[in-house]
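Visitor: This structure is in structure tokens; I'll ask about it shortly.
The values are calculated or read from the model by the stated rules, or taken from the named source; none is laboratory data. As the structure is a prediction and not an experimental result, all values here were calculated from the model. Cβ sites come from the backbone with ideal geometry, for glycine too, and all protein chains shown count toward neighbours.
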Amino acid sequence: MESVVIYADYLSQPCRAVLIFCEIAKISYKFHEVRVIKKQTLRDEYAKVSPSRTVPTMIHGDLILYESHAIIIYLIEKFKLKDNWYPNDIIKRALVNNYLHWHHMNLRLGCGWYVFNRWAGPMFYGGILKDLDVICNERREDAFQVLERILEKHKFVGRTDEVSVADIVCYCEIVQMLMVDIDLKGYPQLQIWFDGIGRIPEVQKVHKTFFRLLPRLKL
């Protein structure tokens, strides 16, 4: 079988989520680092790899995927991971899909785009976009409140009985907020959940580089 090839940046939340599932699947994969902050995704040669010029991008044989959730679901199904990650049961899968669709314009907008605006805005936009800052702050607080309400009733953010892809995607986004010293104070159930997901061995392994670089990344 041909090797899975992953183009990714350890400082990217979706990239780390994909790499975590490569580890969970225990597959042999080839890793190519592509640094967003160095604008390596914008190079013409990278466009030949990723039509969207984004990370993560996965190549497996003739298949090219450049959306993290699509990559993760492919890995889960291709390598037949345990059912809890992306359930076969139609109701449980609907719950997980519900989180994955909600994630993009809620938690990711509130966390990921806030950090990117603060960290890379001066390089990409000529400065921090103040209007985006306001939108991100509002969306993040709303998202944290939604997650807190979910976790008051359920063990996991996908409202499932076992950990799923939703939890990994969510964790990778929230941990990025350590770069800007935003914590989970005021969200006790979210904090308990966050600490638990952070103890998963594959999550710890993939985040080693992020935590090693964190002192230099803080804004």
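Visitor: Give me the pairs: first residue in segment 61-80 and touching a residue at least 24 places away in the same chain (Cβ under 8 Å), second residue in a strand (DSSP E or B), beta-carbon distance under 7 Å, and six or more apart or on different chains, which are they?
Guide: 71/58; 71/65
Visitor: Output the number of residues of segment 18-61 satisfying the condition of being more than 20 Å from the chain's Cα centre (by Cα), of a type in the set (A, V, I, L, M) and under 24 Å from residue 197 (Cα atoms).
Guide: So the count comes out to 0.
Okay, residues lined up against (1) modelled with pLDDT of 95 or more; (2) touching a Gly at 6+ places or on another chain (Cβ under 6 Å); (3) over 20 Å from residue 204 (Cα atoms); (4) of a type outside the set (A, V, I, L, M, F, W, C):
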position: 142; (1), (2), (3), (4): yes, no, yes, yes
position: 150; (1), (2), (3), (4): yes, no, yes, no
position: 160; (1), (2), (3), (4): yes, no, yes, yes
position: 174; (1), (2), (3), (4): yes, no, no, no
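Visitor: Which pairs turn up if I take residues in segment 18-44 that are under 23 Å from residue 124 (Cβ atoms) and in the same structural domain as residue 67 (by TED's automatic domain parsing) and look for partners that are outside any helix (DSSP H, G or I) and among the acidic types (Asp, Glu) with beta carbon separation below 7 Å, at least 6 apart in sequence or on another chain?
Guide: 33/9; 34/9; 35/9; 36/9
Visitor: Sticking with this one: Consider segment 201-219. How many of its residues are in a loop (DSSP other than H, G, I, E, B) and surrounded by 18 or more Cβ atoms within 10 Å (Cβ to Cβ)?
Guide: Residues that pass the stated criteria total 1.
Visitor: For residues that are crowded, with 21+ Cβ neighbours inside 10 Å and either hydroxyl-bearing (Ser, Thr, Tyr) or over 17 Å from the mean Cα position of the chain (by Cα) (or both), tally how many sit in segment 118-144.
Guide: 0
Visitor: Further question on the same structure: Within the bounds of segment 91-107, is there any residue that is in contact with a Gly (Cβ under 9 Å, 6 or more places away or on another chain), within 25 Å of residue 22 (Cβ to Cβ), in contact (Cβ under 8 Å) with a residue 40 or more places away in the chain and of a type in the set (Ser, Thr, Tyr)?
Guide: So far as segment 91-107 goes, yes, one or more of its residues are in contact with a Gly (Cβ under 9 Å, 6 or more places away or on another chain), within 25 Å of residue 22 (Cβ to Cβ), in contact (Cβ under 8 Å) with a residue 40 or more places away in the chain and of a type in the set (Ser, Thr, Tyr).
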